[in-house]
Amino acid sequence: MELSYYPGCTAHSTAWEFNESTEGVFRALGWRLRELPDWNCCGGASAHTMDRVVGLGLPARNLAIAQRMGRDVLVPCAGCYNNVQKARAALEAGDPDARKIEDTLGFRWGKGVGVLSLLDWLERPGVIEALKAGVKRPLQGLRVVAYYGCQLVRPPRVTGRRSWENPTTLEKACEAVGARALDWSYKVDCCGADLGITHPDRAETLCSGLVARAREAGAQAVVVSCGLCQANLDMRQKGQGLPVLYVTELLGAALGVPGREKWWKKHLVDPSPLFR
Amino acid sequence: MHPFATEVQELSGQNLSRCYQCKKCTAGCPTVSWYEWPNHGVVRMIQRGMRDALLGSKTIWMCVGCDTCGTRCPNGIYLGPIMDALRSLARREGRRVPEPAVLAFHEAFLASARRFGRVHEATMLAAYKLKTRDFLTDLGVGLKLFAKGKIPVLPKGIQGKAEIEKIFRLGS
């Protein structure tokens, strides 16, 4: 079982623990991740905001590399995933801007390889069963809420999601390793994205609201699959501090992936008491 | 249809005449409280050709592209690509941007991606801070992240920088 892997720029900086825990979980379950050679930035939220062609062109180059490698490509960061999927959709629709990009980069997109988010991977046959079978340190009913935010699910014509207002894939994964996933109504609300940098007070309004709702639901932690969601929720919450975990960190903790103590040190709200 | 509406439709690929003002877009928008007008009002303003008001507005820069409005629109109109189209028109016409921090961030981000092929946060954030001349906001958070080793000091560029440059030149 082998996938190409697109880590994204934050994998080596603010989302270091996302990258480490993703690699650890895949290794523990016997999957091989092969990093795309010489991958580039997906454009973040800035490229499509400023220029449509650049917004499609940057992720298209990564698709060209993925096609050359000939394997489905895993894109764990929700923001990167959404950009890559939008570029794929434009290439497959024969969009005139996408054609120009293909000509410039000298490739033709042939639909040969798929683009997977962590949700898509978790839904592959056998993955949830493998998680259940791999548990070494069951989480003993740790109460979590799953937070999907925007880019993993919307728009559904791009992400291919069948359920975009109430997705349940992350919950199934959390439950598979012994956590208790609580129901709540805010799992696809937005964290404010780049407002975290340009308008921290506004991001704080959004994120403090989300964290308060998570606490009301009875959660001991929020589980996410996006570097920007994690950074915003971890940094921009008020009050006593609710840990915000990458889903791969939660899974990795239950699977007993080595080195996880180092992941907890990267968080502003320390999640380590949850795993003692 | 007003020529401005035709222009926005062509740029965004969205059919504005399907809007029947149900306000569902506005009801779900996380950032609408920082807009001058609600989402459904933006659609009507485009139909009425209110070019100057829209292209000089904060609204188009406060949308973060979460796609909640478009996903919930009963008529399948996506405001995200419409906001993208309005921003690129505003840039093309050299309009003053009333949300300078947002513009500074996007410019710093893209400059970093263009230069290295990947975004290098330390130099990108330094460029952003220089543009906004605001060095104190978030200094504490920034230092905490730095102390946690989350912001590498040295940038690492990719091999295919020439291709990245070609992509940026293809844009306007």
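No value in this document is a laboratory result; all are computed from the given coordinates. Only a predicted model underlies this, so the values are computations on that prediction, with no experimental measurement involved. Cβ sites come from the backbone with ideal geometry, for glycine too, and all protein chains shown count toward neighbours.
Cβ-Cβ distance of A:N166 and A:E123, R₀ of 25 Å, FRET efficiency by 1/(1 + (r/R0)^6): the value works out to about 0.95. Relative to the Cα centre, the charge distribution of chain B, modelled as +1 at Lys and Arg Cβ and -1 at Asp and Glu Cβ, gives a dipole magnitude of about 280 debye.
Of the trypsin sites (Lys or Arg not before Pro) found in the stretch A:151-214, those in coil by DSSP whose Cβ has at most 13 other Cβ atoms within 10 Å are A:R162.
Which shape class, rounded, prolate or oblate, goes with the stretch B:121-172 when its Cα gyration tensor gives a ≥ b ≥ c as root eigenvalues, a/c under 1.5 marks rounded, and past that a/b bigger than b/c marks prolate? Judged from the Cα gyration tensor, the stretch B:121-172 comes out oblate (a/c at least 1.5, b/c at or above a/b). Here's the thing: no aspartates and glutamates lie within a cross-link span of B:K23, going by alpha-carbon distance under 12 Å and ignoring same-chain residues fewer than 8 apart. Compute the Cα gyration tensor for the stretch B:1-148, then decide on rounded, prolate or oblate, letting a ≥ b ≥ c be the square roots of its eigenvalues: rounded whenever a/c is under 1.5, prolate when a/b is larger than b/c in the other cases, and oblate in all that remain. The shape class here is prolate. With each pseudo-label sitting 7 Å past Cα toward Cβ, what's the A:K262-A:D183 distance in nm, one decimal? Spacing of the two 7 Å Cα→Cβ label points: 4.1 nm.
Here the spin labels are modelled as points 7 Å beyond Cα on the Cα-Cβ line, and at B:V141 and A:R34 they lie 4.0 nm apart. Measuring between their Cα centroids, the stretch B:63-91 and the stretch B:3-50 lie 8 Å from each other.
Once divided by 2.2 N^0.38 Å, the Cα radius of gyration of the stretch A:117-251 becomes 1.03. Computing FRET efficiency as 1/(1 + (r/R0)^6) for A:Q140 and A:K238, where r is the C-beta to C-beta distance and R0 is 41 Å, gives about 0.90. For A:Y246, nonlocal amide neighbours, meaning residues 5 or more places apart or on other chains whose placed amide H falls under 5 Å from its own, are A:V224. Structure note, pairs A:K265/B:K131; A:K136/B:K148; A:K265/B:K150; A:K262/B:K144; A:K172/B:K150; A:K238/B:K144: Cα-Cα distances above 20 angstrom occur for A:K265/B:K131; A:K136/B:K148; A:K172/B:K150.
Please find the FRET efficiency linking A:R108 to A:A133, where r is the Cβ-Cβ separation and R0 is fixed at 41 Å, and quote it to the nearest 0.05. Approximately 0.50, to the nearest 0.05.
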